[in-house]
Amino acid sequence: MSELSTIAPASDAPADTGSSAPTPRHGALAAWWRAAWRSAVGLRPGEPLSQPGPVAIALLMATRLLLSLATQRLMIDGPATFNAPALQSGWLSSLVSVWLCWLLTRRASRPRPDAAIDRGATLFGLLLAQSVVILVVGGLGLAVLFRSGLLGHLPAGVLAVLWWAPWGWSWLVTLRLMQRQVPARSAMAALAAAVVTAAYVLDLQLPHDPFWYPAREGASERYLRLTPQAIEAQSGLLARATAVLAPQRPGIVDLYAITFAPYADEEVFRRESALVDAVMQQRFDARGRSLQLVNHAQTAEALPWATAQNLRRAIEGVAAVMDRDEDVLFIHLTSHGARGGELAASLWPLEVPAVTPVELRAWLDAAGVRYRVLSISACYAGSWIAPLAGDTSLVMTAADAEHTSYGCGRKSALTFFGRAMYDEALRETHSFERAHARARGVIERREREAGKDDGYSNPQISVGAAIRAPLAALERRLQVAPTPTGSLQSPTTDPDSQNATAPR
């Protein structure tokens, strides 16, 4: 029996569906929602449905949009700012659904082709009502769990399942609803499956701006403003910064430093970049030899943007100044991380691609930089070890390849790794190896105290045999060097007051 036997024709003429449908009860709103709930769990709607008019379709679409707005807003803890331009995106799937509904109902409407529009509208209305049900149960349900704090105590695998469950549910029941409109195992059934699946996959691949952004406390601007001043400043910022780098000193192992904070939506990464840059300048004699690349609305006219292109150019600029066979290049990257090794980047309204360890290795090799100290502060950062490790490299990460790191909450001053490694351990030693070993124990204790239950982040380190000699020479020189004037300023006022409940 065709699914369309439950959809009423637009006129008194019977529909050619292969079965006789009872007369529909026009205006039966309760019947519509009962049908939507049944369809959302994979059942047939079970009763005839009246054709929805333009107003009903508009109301269903508005309901779905409002539920999406509410769900996303509930997923942000604290003040949020509405992103109106996001309303322009996300309509491709709706257009594809309208076309497919018309295509699948056209054959069942012969010999009255005009009835396909009426029946297609009814099918599209049922599809919209079904999506509203899924949003109520899946989307709002997930948001309520988030607001209750329960999500913060679930393992990462369970979180991933909960996050993707509404998407998978929607895909399955949409596919089932569409395929029921045509004979099983027919060419049209295969086409329906292909179109529905392609639409869902394409929707995942296309960029979608969020409806809400967390409001930054004390920030005068929430979003980057692409003013002529900002664009003009950015066009020359990196070139000017590299042009004034201090030259290498023959016979002296100098350390050059680049900090890279590409995720504009979290203040903690900008703070960590500034702290690490200060440590390198004041503890490792890198004054005049450091660069900060930062994505942030408030630094658009002061610091070069943290983009893949700028990181490559910064490496090339430093390599042109340093002694590539004697000096050490230190790079610290801080952001959210993915299991595949991508380092998240954002600078709305610009589209900024993620940076990968393979790219970083290629840029360093092409620039001819021999001695490298690479620090990656992100979730799953251990996946960077293998691509970057080498005889002349020291690579250290905030986590292994299977675990999240901690400390990028909205009120976090520093990440756990940044705080333990740079704000504490490297105040007392010039050895990256000893500092990393000390930080590991501190991080494990603090994660346990903070209730991190998806496993110890397990920071990793790889030290090539050939880099130990220049690092030892640098350490000896710094130990006898006079203490720089001024004190190292940390953004952490109370070391135990960070809100670090968010994995990275």
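The values are calculated or read from the model by the stated rules, or taken from the named source; none is laboratory data. A quick note: this is a predicted structure, and the numbers were derived from the prediction, not measured. Here the Cβ is made from the backbone with ideal geometry for all residues, glycine too, and neighbour counts use every protein chain on show. Ligands, DNA and RNA are stripped out before the accessible areas are found, and what is left, the full protein with its side chains, is counted by its heavy atoms. Shrake-Rupley method; radii C 1.70, N 1.55, O 1.52, S 1.80 Å.
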**Item:** Pairwise FRET efficiency - residue 29 versus residue 65, Cβ, R0 = 30 Å, nearest 0.05
**Value:** 0.95
**Message:** Taking R0 as 51 Å, what FRET efficiency do you get between residue 94 and residue 477 from their Cβ-Cβ distance, rounded to the nearest 0.05?
**Reply:** 0.20
**Message:** Using 0.36 nm times the number of residues separating residue 240 and residue 298, minus their current alpha carbon distance, what extension gain do you get?
**Reply:** 19.0 nm
**Request:** Report Rg/Rh for the range 287-415, rounded to two decimals, where Rg is the Cα radius of gyration and Rh the Kirkwood radius.
**Result:** 0.95
**Low-density loop cleavage sites - GluC sites (Glu not before Pro) in the range 336-409, where at most 13 other Cβ are within 10 Å (DSSP)** = 351
**Complete:** The extension gain from residue 428 to residue 366, computed as 0.36 nm times the residue separation minus the Cα-Cα distance, is 18.9 nm
**Request:** At 7 Å along the Cα-to-beta-carbon direction for both residue 145 and residue 453, put a label point, then send me their distance in nm to one decimal.
**Result:** 1.3
**Asked** Using 1/(1 + (r/R0)^6) with R0 = 35 angstrom and r between the beta carbons of residue 198 and residue 386, what's the FRET efficiency to the nearest 0.05?
**Response** 0.50
**Solvent-accessible heavy-atom area per residue, rounded to whole Å², over the range 436-476 at 1.4 Å** = 47
**Item:** Spatial extent of the range 356-482: Rg and Dmax, with the Cα atoms as the point set, Å
**Value:** 15.2, 44
**Asked** Between residue 394 and residues 5 or more places away or on another chain, which pairs have amide H atoms under 5 Å apart, with H built 1.01 Å from N, and which residues are they?
**Response** 372, 373, 374, 464
**Complete:** Percent of all Cα-Cα pairs per 5 Å bin for the range 232-315, counting from 0 up to the last occupied bin, reads 3, 15, 25, 25, 18, 9, 3, 1, 0
